[in-house]
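Here the structure comes first, spelled out in structure tokens, and everything after it is commentary.
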Amino acid sequence: MTTDILRLAVLVSSVRQGRFAPVVTGWFTARAEGAFDLDVIDLAEADLPLSLPDRESGPDAATADVLARLTPRLERADAFVVITPEYNHSYPASIKNLIDWHFTQWQAKPVGFVSYGGISGGLRAVEHLRGVFAEMHAVTVREQVSFANYWELLGEDGGLAGSEAADTAAKTLLEQLDWWARSLKEAREKRPYAA
Ligand SMILES: Cc1cc2nc3c(=O)[nH]c(=O)nc-3n(C[C@H](O)[C@H](O)[C@H](O)COP(=O)(O)O)c2cc1C
């Protein structure tokens, strides 16, 4: 049985100027520290182009450099959490681009979600991502954290004051991620995933 601490890649989806994403990311990582070995992957710093490569020729040299830094971080992760806002009833293009640039790195690994937005709290973005990750052979965990109308939840310091319900959801999400991450890691080690 795997008893060591597992690696969780936290994917920061929004790359918008003036974005709220860092506040939500800080709120979540404060709760995930200790439960997982965290690697925060901020897509605003990833420099991943939109133009996917031709199968034959592969990425150009500049993109190959970007991928050489980025892809091993996804490869190493035992689990993922996507921090996502809702844009026009779905997720930002930046997270789809990261997903599309990769394939095996998602397979037989769990994915959790922390979302935020207006009245729906990003739930529509998460529902769409669940379908995308199913195509990548990833397992999305049921529990999720959602901040609806997050501007009403800000503390005096501008941080997310959150709520007891959000704390409970984060705790359950982390427990479910840990269960799936350990189970799937053990399964992958026993035999290769049948993609
Ligand atoms: C292009 C765009 C579309 C948006 N569409 C929605 C939406 O459909 N539903 C919603 O609840 N909020 C929507 N919003 C509000 C965002 O959830 C809010 O601006 C949030 O702060 C965006 O996250 P970010 O600041 O980290 O980029 C939209 C914002 C943008 C910029």
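The values are calculated or read from the model by the stated rules, or taken from the named source; none is laboratory data. All of these numbers come straight from a predicted model, not from anything done at the bench. Glycine gets a Cβ as well: all are built from the backbone with ideal geometry, and neighbour counts include every protein chain shown. All accessible areas refer to the heavy atoms of the entire protein, side chains included, with ligands and DNA or RNA removed. Shrake-Rupley method; radii C 1.70, N 1.55, O 1.52, S 1.80 Å.
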Out of the DSSP beta bridges found with both residues in the chain, what percent are antiparallel (nearest 5)?
10 percent
Could you work out the pair-distance distribution P(r) of the chain from its alpha-carbon pairs, with 10 angstrom bin width and percents rounded to whole numbers?
9, 37, 36, 16, 3, 0
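Let me spell out the model: positive unit charges on the Cβ of Lys and Arg, negative unit charges on the Cβ of Asp and Glu, origin at the Cα centre of the chain. What dipole size does that give, in debye rounded to 20?
Values: 19 positive and 27 negative charges, 109 e Å.
The calculation lands at about 520 debye.
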Go ahead and set up a Gaussian network model of the chain, Cα springs under 10 Å, then flag whichever of 52, 11, 123 fluctuates most.
52
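Considering only protein heavy atoms and a probe of 1.4 Å, how much of the accessible area of the chain is carbon and sulfur, as a whole percent? Intermediate results must be reported in sequence, preceding the final value.
Working: 5170 of 10090 Å².
Answer for the chain is 51 percent, counting heavy atoms of protein chains only.
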Please check: in the Gaussian network model of the chain (C-alpha springs, under 10 Å), which one of 100, 39, 78 has the largest mean-square fluctuation.
100
Please tell me the relative contact order of the chain in percent, rounded to the nearest whole number, where contacts are Cα pairs under 8 Å and at least six residues apart.
23 percent
Report, in deg cm²/dmol and to the nearest 500, the calculated mean residue ellipticity at 222 nm for the chain, where each DSSP H run with n ≥ 4 adds -39500 (n - 2.57) and the sum is divided by the residue count.
-13000 deg cm²/dmol
